[in-house]
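This report refers to the structure that appears directly beneath it.
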């Protein structure tokens, strides 16, 4: 990439007293991209966003916006705008006054005609034409969200920052807004940086996903890369649903390892990092990479415990002797009607490249996996 | 249904009864009495004599000085209080470290544990001949008179009423959503712009509450002008005491009292209007 990145972090560390929120992050966000900072709460993603916005100063390192070091540049002089969590709209101003707030701060001053014109354009852009004189609290959550977007975009920022913008909306609205945000980003062509803890949101909306954990960037890549080739156990577990099977390395051959699972079954898995013979590993297997068939073939055998029929797909919780509960997801084709029933024995197979082996050591995802299962089965 | 509704109303009535009784006996009845007195005449030997005349109201200009002092010093005192209180409230709500906040608030409230009378007496000595002037004379500044001046009264007012101004402003600033300040900065507003356009604007209900509270108490102020104004700075409160207890001209005193109440009500209504308008749609009832 020869272009100057819109946002660049150079060895950025942020400490609050004894707590390190962000440690030594290097990150370059290319121009005109939709980037999601994804991670569990406390991973430092919001701190990163706030350092771009100028609400926090890095303890070490530099934050650059379009190649300019932002050290000492206060929030009100930065060429970025933010859509705040819960929007932070001004309650004492009406919709139009909220939107034109930034324009009225511009120096040299803009003519009131231009302000009115641009505010009007921004209102139409978010499909709120005619709502200018409404009070903010008279609007629904979705409408407030649009006002917050218009209020930020009307200033033509170099980068738009979005702090969990969809968290307060219901599911239907959220899906609509996801599409709308994507369209807006393509239309305007500026970089959007979105902070979210919702991996689905990150995967569905962004061009790049930056997965963070414990104040570090764990992986930066396109959504499909993140999903298909997770850098470590954390990413594998956090992004999407997965089955984690613990075992020991029984054999090595190039990029592949043979893993002996707890029940003695040996399966072949790809590895992302060097592994040693005898090392404890976790093997990640995506639910959709498992295929179920009538008993007889397959690598593993189990009994269907629960079935959740979702229309286009069906999810199964399968009890495998000696290994535990596995989640499998199968496409449902109309007319084929071959759903397995709870209590039925099944054989479980998977494609050769599907299992991924990770070192067991920094396994902090097990509980989350169990939570996910609990969620699915409840 | 009807029975339970009746019972509910009965309970409500019983709960409200003590307060209602109290207000009727100690507010409404005296007010009616004063209103009746105010259209009457002074009995030859003092007190009240039944009549129906507006002569007492026509005579109000005779006490113009007391009205003037009150009308100038009450808003001036409230304003002085506001100017001192706002930065304090701002610091407490937005700048002070969380763990210090309660302690600092307590320090502001603690003086209330001693009666205002005692504290004002203390000021009498501090400002009086053996107080600050004596100290200043020591370093060569002679003949400085502090006590019994409008300045002394103003000082006493600010001292006495400051907490009443700080607390409502503190509450409104405390409730202020900090993200609004960040949003304002994010949209390019300088700290000054943010303060004027967001912080001050949204704390106006607190400012108006504090201002009208202090202002109304000051309209009836008696103690501070008496002790620190020494009879030279005469408030309406002092005029009332004088008329009722010294010259025993009850009807005239009553007319002044009624006028004072009307002025207070007008101040309240205006303040309420302003703060309602400025704070947007959310209505704020002061009293």
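Data for the structure
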{"read-out": "Residue exposure sequence - B:90, B:138 - by fewest surrounding Cβ within 10 Å", "value": "B:138, B:90"}
{"read-out": "Shielding by partners, peptide B:186-199 (average Cβ within 10 angstrom, other chains)", "value": "6"}
{"read-out": "Inter-site label distance for residue A:313 and residue B:96 at 7 Å from Cα along Cβ, in nm", "value": "5.5"}
{"read-out": "log10 of Debye I(q)/I(0), alpha-carbon scatterers only, for the range B:37-94 at 0.19, 0.22, 0.23, 0.30 Å⁻¹", "value": "-0.78, -0.88, -0.91, -1.07"}
{"read-out": "Chain A - percent relative contact order, Cα under 8 Å, separation 6 or more", "value": "15"}
{"read-out": "Value of D in µm² per second that Stokes-Einstein yields for the range A:233-377, Kirkwood Rh from Cα pairs, at 20 °C (1.002 mPa s)", "value": "138"}
{"read-out": "DSSP-defined beta bridges in the range A:7-228 - what % are antiparallel, rounded to 5", "value": "55"}
{"read-out": "Per-residue average of Cβ from other chains inside 10 Å of A:103-112", "value": "2"}
{"read-out": "For the range B:1-138: rounded, prolate or oblate by the Cα gyration tensor [a/c cutoff 1.5]", "value": "oblate"}
{"read-out": "Cα-Cα separations in the range A:1-96 greater than 24 Å, expressed as whole percent", "value": "25"}
{"read-out": "Residues A:121, A:315, A:96 arranged by fewest to most Cβ contacts within 10 Å", "value": "A:121, A:315, A:96"}
{"read-out": "Range of Cα positions in chain B per principal axis (Å), largest first", "value": "83, 73, 33"}
{"read-out": "Förster-model FRET efficiency, 51 Å R0, residue B:23 and residue B:174, C-beta, rounded to 0.05", "value": "0.95"}
{"read-out": "Pairwise label distance in nanometres, residue B:261 with residue B:11, each label 7 Å out on the Cα-Cβ vector", "value": "3.5"}
{"read-out": "The range B:13-66 and the range A:54-77: distance between their alpha carbon centers, rounded to Å", "value": "68"}
{"read-out": "C-alpha long axis of helix A:366-377 to longest principal axis of chain A, angle in °", "value": "90"}
{"read-out": "Pair residue B:52, residue A:333: separation of 7 Å Cα→Cβ label points (nm)", "value": "10.3"}
{"read-out": "Antiparallel DSSP beta bridges within the protein assembly as shown, as percent of all bridges there, nearest 5", "value": "75"}
{"read-out": "Cα-based equivalent ellipsoid of the range A:7-228: semi-axis lengths in Å, sorted from largest, via gyration tensor", "value": "29, 21, 15"}
{"read-out": "Part-to-part distance (alpha-carbon centres) for the range A:118-135 and the range A:254-325, which is given in Å", "value": "53"}
{"read-out": "Gap separating the Cα centres of the range B:189-205 and the range A:21-39, nearest whole Å", "value": "33"}
{"read-out": "Distant alpha-carbon pairs in chain A (separation over 29 angstrom), percent", "value": "52"}
{"read-out": "Least to most buried among A:111, A:293 (fewest other Cβ within 10 Å first)", "value": "A:111, A:293"}
{"read-out": "For B:172-185, mean number of other protein chain Cβ atoms within 10 Å", "value": "5"}
{"read-out": "Burial order of peptide ranges B:229-236, B:156-163, A:144-151, A:253-260 (average beta-carbon count within 10 Å, highest first)", "value": "A:144-151, B:156-163, B:229-236, A:253-260"}
{"read-out": "Computed over chain B: relative contact order in percent, which uses C-alpha pairs under 8 Å that are six or more apart", "value": "28"}
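Each reported figure results from applying straightforward, stated rules to the coordinates on display, with no laboratory input. Only a predicted model underlies this, so the values are computations on that prediction, with no experimental measurement involved. In this analysis, Cβ positions are derived from the backbone assuming ideal geometry, glycine residues included, and neighbour counts consider all displayed protein chains.
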